[in-house]
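Here is the structure we will look at, set down as structure tokens.
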Amino acid sequence: MNHFDKLRPFVDYDFCGCGELQRLLLVHALADNPIHCFQCKGIIDPQRLGLTKDQVDLVVAWHRQFRALYDLWLDSGEYESWAKFQLLDPNGQVNRSGIAAALSLTRLLPTYYWWFHDEGDQIPRNCPDCYKVLSPASRHGHGECLDYQIVI
Ligand SMILES: [Zn+2]
Ligand SMILES: [Zn+2]
């Protein structure tokens, strides 16, 4: 990325090319669409999944909140610690929205929600939502909660 790119649209989408989808992953990866293939992490167009308007709206609502907080955290300014607290709070709106969106997509395919983790912090051992010990990561992050379909 050069400095001009910061003021240009982010268009470098890597779409999923898998023949058969098995699991989905909701993760903010700087693109406008946070629905990814769990296997290859490519973006999946909502039309391919045949999402309903309600499903799209849930994903958009969560992603707007997450992105706004993530940007404030990344900015490292006055709002950094406030934004991080919101991103980590299991009862906060952003995570409740994320879980709701993932649950809704799970009606189509098991959908995992990628929980925020500051890589400067200790590696998480427990699920941030149900506090059970995490299962080893099968593909992403540090671990997975299989009960609540969370990746962290
Ligand atoms: Zn894929
Ligand atoms: Zn859990």
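See the values below:
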quantity	calculated
Criterion: out of contact with any Gly (no Cβ under 6 Å at 6 or more places or on another chain) and buried (at least 18 other Cβ atoms within 10 Å of the Cβ) - qualifying residue of SER97, SER81, SER76	SER97
Of residues in the range 99-152 being among the charged types (D, E, K, R) and over 17 Å from ASP89 (Cα atoms), the one nearest to ligand 1 (Cβ to nearest atom)	ARG139
Looking only at the range 129-152, and only at residues there that are more than 9 Å from ligand 2 (Cβ to nearest atom) and not in a strand (DSSP E or B), the one that is most open to solvent (accessible area, probe 1.4 Å)	ARG139
Residues that are exposed (fewer than 15 other Cβ atoms within 10 Å of the Cβ) and either touching a strand residue (DSSP E or B) at 6+ places or on another chain (Cβ under 6 Å) or of a type outside the set (Gly, Ala, Ser) (or both), drawn from the range 61-70	ARG64
Helices (runs of 4 or more DSSP H) lying entirely in the range 26-112 (those with 1 or more residues that are closer than 21 Å to TYR131 by Cα)	80-88, 93-106
Residue satisfying all of: in the range 1-54; of a type in the set (A, V, I, L, M) and open to solvent by 50 Å² or more (accessible area, probe 1.4 Å); farthest from ligand 2 (Cβ to nearest atom) among these	LEU7
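The values are calculated or read from the model by the stated rules, or taken from the named source; none is laboratory data. From a predicted model like this one, the values you see are computed outputs, not experimental measurements. Cβ atoms come from the backbone with ideal geometry, glycine included; neighbour counts cover every protein chain shown. Just so you know, the surface numbers come from the protein's heavy atoms only, side chains and all, with ligands and any DNA or RNA stripped out. Shrake-Rupley method; radii C 1.70, N 1.55, O 1.52, S 1.80 Å.
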